[in-house]
Amino acid sequence: MTPSSGPADRVIVDGKFFRLNGEKFPVKGLTYGPFAPNASGDSYPDLPRIDHDLALIRDLGANVLRLYEVPPRHFLDRAQTHGLKLLIDIPWPKHLCFLDTAAGRETGLRAVREAVTACRHHPAVFAYSVVNEIPADIVRWSGVRRITAYLDELIDEARSIDPDALYTFASFPPTEFLRPRNIDFLCFNVYLHHAHSYEIYLDRLQTIADSKPLMLGEFGIDSLRETEDRKCDILRWQIEGAFRNGLAGTVVFSFTDDWFRGGHQIEDWAFGLTTRDRKPKPSFAVVREAFHRAPRFPLPRTPRVSVVVASYNGARTLKACLDSLLHLHYPDYEVILVDDGSTDNTPAIAAGYDSLRYIRQDNCGLSVARNTGIVAATGEIVAFTDSDCRADEDWLHYLVGDLIRNDWSAVGGHNFLPPEDSPIAAAVMVSPGGPAHVMLTDRVAEHVPGCNMAFYKWALEEIGGFDPVFRKAGDDVDVCWRLQEHGCRIGFSPAGFVWHYRRSTIRAYLRQQGGYGEAEALLARKHPEYFNSFGGGVWRGRIYTAAKPGVLIQRPFIYHGAFATGFFQKLYSPEPAFALMFTTSLEYHVLITIPLAVLSASFPWLLPLAVTSLALSCGVCAIAAAQADLPPRQSRVWSRPLVALLFYLQPIVRGWARHKWRLSVPARPETTRERLDQITRADHGAALDSVVYWSPGTTDRLDLLKALLKRLDHEGWQNRTDSGWSPYDVEVSGSPWCRLRLLTASEELAGGKLNLRCRLRGHWSLLARLCFWSLFLLQSTAIALLASWQPWIWLILLDLPLLAWFFDHEKRTLQLLVLNLLDNLADELHLIRTETPPRAVLVPVAP
């Protein structure tokens, strides 16, 4: 399985890069012209000058020319002869309010139509830019949505004429908010002459580009204003910085100082690498050196990398995975395949690779398999991908390069749908529950997916590797959170990507989501501070995934600057409507839709409410499917209905698996039930919500809290610590029905002594409150409807006090257990209990 190929000699998009005839095609470009019209009226030099220029450009190491006028056919032929591709800007009066009239609108369409018709199917054409730098005030005048729709219309028109070419438009910082859907790659003109600002802005543009290639369509320096020496220095780090950042290419402005614009020769600018009479400047040699080194500039160092693939019955895609990993452009790495007890032909496939380190073990789960790989790794860095992925050949070059140049302990990158994957896999990709990265900034991540991540080995060893409890999924989330809790930072490499084959059947997708639901339950038990009361994950960063995390009902808003003069006019995307997505959840169906449907059997007037509730869920799924970004080449008539169905089924399957696991595993360890039978109190009616310990000054409240957390974790208690925003120090879960919040304070006494006060407030869990009040609401409704002719109906309320007593009993039991735990810790820390309630003591249990 290899990257898809286009027509011979035509450049295609391949993930974050371009490819030509099967090989990577890094754009190393120059702008050329426009020039004063020649005798034929073309804005190009005469033929001898063109041949001389193209030969000089090839000597420079360039492979792309950006043209601002549509070239005559003979120029296309000469470019092809010299091995050059052309990025053709299509000129039309975009500086006018062109959308105000039908004639203005038609002007752009006609210009695009004529330009593409003149150049169509020519192998020298790299791409067409349908417009270059629409002024920001014109965009605001016509409206962002209308301008964006018009750009898409221009590209559709052009693609209907030359479908095999690539299409873009050239933007710049004042209009970075324009996001046409139909472009093949992003092209930005950027003139920033300070290295830090330049690198930060490239990071931002990579975030905007997301899964599409990014290239600089223009950047350059004026020799007159900046001096030629400074120009050399700036161009050197600009070109290197762009390729190190993973851009698909750069275009330097310009080849020559000979520049004709606005009907006259420009005399006061000198951006060229050559003079007007084509004599190379010192900057020519600098760009030539940079182009010959690009795109893989040497890394500061190349530490050994161990690539670990943990596989269980992954034979379907394993060969593509291993083939890609054994042909990476990185000098020092090993590939370790850990076969986690596969029952398919994985061993036979592995046997065909002599350079592969193959380890087979009993089926112990994903985390154990990855830990096996870590132990076997000989590299300073351990990288992970999955058997259903194939890596880009520069995967390690970019991952390792970004890792060693930054203060990071780990790094991750994109995972893209392979172009050869099935239409069902494409629908799965834009459905909920797929691998995602969560970004805190443009380069710092909160989470990176397990199919594409790399760590310093010391960082994994410091946190004890992956937790074996995660057998199917969740291991990557857990390890990212634990790394950050240890003060480590996780980075993101936009160019270090892998191709990730999605589930190819609905059944396989839903089975995967069931496994994710179990993993969520495990994560919520281990890291409750990262989950809200409804069991949903609480992320500090923004989630980036091919599937939108929620329905978008608000329009993005844009900062234009005063009078639309801002140089960086940014688009701010609103948060998705997560509340609407609740209507697709299992909890919504259990608490609202199903009760309404059941009650409608006895009370027909409730049937419209039940139907409305179900229609609301289906409507949200339909909107989500309509907003999904399906790959055009893998989209079918049935694709969006399928996406809507998956949006409906996924929360139910995943929620069922999550709650099933949570209810089957107690929040407190089983040993506490035995301990509870041994605990007696002098006063069974005493309050259990406070206790005070006297300290001689050697132990403070933080020492007590640290000891408590260590004991809770050691014994397997589910607990949540204060994240800095909580009104408590520790929250302990005793069962699905109750929680206990511990708050401590210290009182300073004479001689450095301390009183350590502990407040233990028990309360019902959200699940308990929902059960109680849902039952109350249902019974109250039944009484209101039936009491007039069935007086005995009032008796059904008797179960509410019993339910409340049960929840209070669970709460009091938890207080008793935690209080006893504190007493035991106080003994170990040499603290003395000073106030009532009386101390809990252990007494022998009668045989």
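The values are calculated or read from the model by the stated rules, or taken from the named source; none is laboratory data. Because the structure is a prediction, the values reported are computed rather than measured. Glycine also receives a Cβ, built like all others from the backbone with ideal geometry; neighbour counts cover every protein chain displayed. SASA here: full protein model, heavy atoms, side chains in, ligands and nucleic acids out. Shrake-Rupley method; radii C 1.70, N 1.55, O 1.52, S 1.80 Å.
From the Cα gyration tensor of region 315-415, with a ≥ b ≥ c the square roots of its eigenvalues, which class applies: rounded if a/c is under 1.5, or else prolate if a/b is larger than b/c, or else oblate?
Since a/c reaches 1.5 and a/b is larger than b/c, the shape of region 315-415 is classed as prolate.
Given a Förster radius of 25 Å and the C-beta distance between E114 and W141 as r, what FRET efficiency does 1/(1 + (r/R0)^6) yield to the nearest 0.05?
After rounding, the FRET efficiency stands at 0.45.
Would you mind checking the tilt of helix 282-293 against the longest principal axis of the Cα atoms of the chain, expressed as 0 to 90 degrees and rounded to 10?
That works out to roughly 50 degrees.
Distances longer than 18 Å among the Cα atoms of region 263-336: what percent of all pairs is that?
Summing the P(r) of region 263-336 above 18 Å gives 66 percent of all pairs.
Specify the angular offset, from 0 to 90 degrees and rounded to the nearest 10, of the alpha carbon long axis of helix 366-376 from the longest principal axis of the alpha carbons in the chain.
Long axis of 366-376 versus the principal axis of the chain: about 70 degrees.
Can you give the accessible area per residue of the chain, in Å², using a 1.4 Å probe?
Normalised by residue count, the accessible surface of the chain is 43 Å².
Using +1 on the beta carbon of Lys and Arg, -1 on that of Asp and Glu, and nothing else charged, what's the dipole of the chain about the Cα centre, debye to 20?
Value, rounded to 20: 1280 debye.
With θ set to phi - 60° and the Karplus curve 6.51 cos²θ - 1.76 cosθ + 1.60, what are the ³J(HN,Hα) couplings of region 310-326 in order, to the nearest whole Hz, using x for Gly and Pro?
Each residue's phi maps through the Karplus curve to give 9, 10, 9, 6, x, 4, 4, 10, 5, 5, 4, 4, 5, 4, 5, 6, 8 Hz.
Can you tell me, using C-alpha contacts under 8 Å and at least 6 residues apart, the relative contact order of region 429-530 as a whole percent?
Reported as a whole number, the value is 29 percent.
Please state the relative contact order of region 176-319 as a whole percent: Cα pairs under 8 Å, 6+ residues apart?
Rounded, it is 21 percent for region 176-319.
Please list D100, D467, D9, D339 from largest to smallest accessible area, probe radius 1.4 Å, with all protein chains kept in place. Display every interim value, and only then the final one.
Details: D100 90, D467 35, D9 60, D339 0 Å².
These residues rank, largest area first, as D100, D9, D467, D339.
Determine the shape class of region 461-534: with a ≥ b ≥ c the square roots of the Cα gyration tensor eigenvalues, call it rounded for a/c under 1.5, and otherwise prolate if a/b is greater than b/c, oblate otherwise.
oblate
Probe radius 1.4 Å, ligands and nucleic acids ignored: give me the carbon and sulfur share of the accessible area of the chain as a rounded percent.
58 percent
I'd like the chymotrypsin sites (Phe, Trp or Tyr not before Pro) in region 688-759 restricted to DSSP loop residues with at most 10 other Cβ atoms within 10 Å, sorted by number.
W725
In region 108-255, if every C-alpha pair distance is counted and binned at 10 Å from zero, what percent goes to each bin?
Reading upward from the zero bin: 11, 37, 33, 17, 2.
To test your reading of the geometry: what angle, between 0 and 90 degrees and rounded to tens, separates the Cα axis of helix 701-715 from the longest principal axis of the chain?
Here the helix axis deviates by roughly 90 degrees.
Dividing the Cα radius of gyration by the Kirkwood radius, what Rg/Rh value follows for region 390-538?
0.97
Over the chain, what relative contact order in percent results from Cα pairs under 8 Å that are six or more residues apart?
9 percent
How large is the translational diffusion coefficient of region 1-117 in µm² per second when you combine the Kirkwood radius over alpha carbon pairs with Stokes-Einstein at 25 °C and 0.890 mPa s?
Numbers: Rh = 16.3 Å.
Answer, rounded: 151 µm²/s.
Using per-residue counts of other Cβ atoms within 10 Å, averaged over each peptide, order 264-272, 107-115 from highest down.
Values: 264-272: 15.2, 107-115: 18.1.
Answer by packing, highest mean first, reads 107-115, 264-272.
Cα centroid distance between region 386-435 and region 56-111, in Å?
So the separation of the two Cα centres works out to 34 Å.
Assuming 0.36 nm per residue, please report the length gained on full extension of the stretch T698 to S355 beyond their Cα-Cα distance.
Result for the pair: 117.6 nm of gain on full extension.
In a shell of Cβ-Cβ distance under 11 Å around G314, excluding G314 itself, what net charge do Lys and Arg (+1) and Asp and Glu (-1) give?
-3
Which pairs break 19 Å Cα to Cα here: K28/K94; K472/K660; K24/K85; K24/K212; K231/K279? If you can, show how the numbers build up before the last one.
Details: K28/K94 27 Å; K472/K660 16 Å; K24/K85 14 Å; K24/K212 15 Å; K231/K279 16 Å.
Table pairs above 19 Å Cα-Cα are K28/K94.
Per the Debye formula with a single identical scatterer at each Cα and no solvent contribution, what log10 I(q)/I(0) holds for the chain at q = 0.05, 0.06, 0.09 Å⁻¹?
One equal scatterer on each Cα of the chain leads to -0.37, -0.52, -1.01.
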